[in-house]
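**Student:** Quick one: structure below, then a few questions.
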Amino acid sequence: MKKPRVLIVEDESSIAELIAVNLRHNGFDPLWASDGPSAQREIDTALPDLVLLDWMLPGQSGLQLARQWRKDPRTKDMPILMLTARGDEPDKVAGLDAGADDYITKPFSTQEMLARIRAVLRRRAPEASTERVEIGELALDMSTHRVTWQNAPLKVGPTEFKLLGYLMQHAERVHSRAQLLDKVWGDHVYIEERTVDVHVKRLRESLGPAAAMVETVRGAGYRLTSQATV
């Protein structure tokens, strides 16, 4: 299972190191940035699952960074937990108004930090789907992560499973590569559109006799159809 990536934006290295050690020991993958520009570089490379953002930073304040990220479509939903020595009520309100999901005042215990991180991640996580989708004799079960063809199990990789799930939930519709990247991969990583072709090829190989159900629509993209002869 992928460890949640947490970007620590904190200019005091001793505090950042202590937070990172505690996160690592509790199943997280921490990254550290000491100021706004270095934090932006990390985010441009790959969106973290959550940002621990210090209020007082050299240059841009944490408040300014939070506002900036909330205005950007790519980072507007990125979970942000503000870290600060400011405990006054107006400051807490200012942090939340800037777009922070939660607020934690220094000094804080490791357990409080972990509890707040987990709470924010839970609130932001999409609801797990228990839906079972059937198109003809092809069936996909979201809850058990199984795919079957004529009741026989098929071995499908994790990315191909997500791709197939999306196509089956929107059967008979044509989806461009860009749409599939957005819906299946999301904005967390930069991927070439041709990567979709590679995963479609792998998906067809996994589907075996049902491969013809995944159609290429020239100049438009891909669709899953029950009309194919398989």
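The values are calculated or read from the model by the stated rules, or taken from the named source; none is laboratory data. Small disclaimer: the values here were computed from a predicted structure and weren't measured. Using ideal geometry, Cβ is built from the backbone for each residue, glycine included, and neighbour counts are taken over all protein chains shown.
**Student:** Filtering region 203-230 down to residues that are over 16 Å from ALA152 (Cα atoms) and hydroxyl-bearing (Ser, Thr, Tyr), which residue is modelled with the lowest pLDDT?
**Tutor:** For region 203-230, the residue satisfying everything is THR229.
**Student:** Considering region 142-161 alone, what residues qualify as being surrounded by 16 or more Cβ atoms within 10 Å (Cβ to Cβ) and not in a loop (DSSP other than H, G, I, E, B)?
**Tutor:** VAL147, TRP149, LEU154, GLU160, PHE161
**Student:** Taking GLY87 as the residue in question, decide whether it is in contact with a Ser or Thr (Cβ under 8 Å, 6 or more places away or on another chain), surrounded by fewer than 11 Cβ atoms within 10 Å (Cβ to Cβ), at pLDDT below 85 and not polar (S, T, N, Q). Before the answer, list the steps.
**Tutor:** Details: in contact with a Ser or Thr (Cβ under 8 Å, 6 or more places away or on another chain): yes; surrounded by fewer than 11 Cβ atoms within 10 Å (Cβ to Cβ): yes; at pLDDT below 85: yes; not polar (S, T, N, Q): yes.
Yes: the conditions hold for GLY87.
**Student:** Is it true that THR148 is of a type in the set (Ser, Thr, Tyr) and either over 18 Å from the mean Cα position of the chain (by Cα) or over 22 Å from GLY208 (Cα atoms) (or both)?
**Tutor:** Values: of a type in the set (Ser, Thr, Tyr): yes; either over 18 Å from the mean Cα position of the chain (by Cα) or over 22 Å from GLY208 (Cα atoms) (or both): yes.
Considered against the rule, which asks whether it is of a type in the set (Ser, Thr, Tyr) and either over 18 Å from the mean Cα position of the chain (by Cα) or over 22 Å from GLY208 (Cα atoms) (or both), THR148 comes out as yes.
**Student:** On the given criteria, is VAL174 over 26 Å from PRO48 (Cβ atoms) and buried (at least 18 other Cβ atoms within 10 Å of the Cβ)?
**Tutor:** Details: over 26 Å from PRO48 (Cβ atoms): yes; buried (at least 18 other Cβ atoms within 10 Å of the Cβ): no.
When the stated conditions are applied, VAL174 does not pass them.
**Student:** Any residue that is touching a residue at least 60 places away in the same chain (Cβ under 8 Å), surrounded by fewer than 16 Cβ atoms within 10 Å (Cβ to Cβ), over 14 Å from VAL6 (Cα atoms) and not assigned by TED's automatic domain parsing to the domain that holds TRP185 - is there at least one of those in region 61-68? Before you say what the answer is, go through the steps one by one.
**Tutor:** As a first pass, look at region 61-68 and keep what is touching a residue at least 60 places away in the same chain (Cβ under 8 Å): none.
The answer is no, given that none of the residues of region 61-68 is touching a residue at least 60 places away in the same chain (Cβ under 8 Å), surrounded by fewer than 16 Cβ atoms within 10 Å (Cβ to Cβ), over 14 Å from VAL6 (Cα atoms) and not assigned by TED's automatic domain parsing to the domain that holds TRP185.
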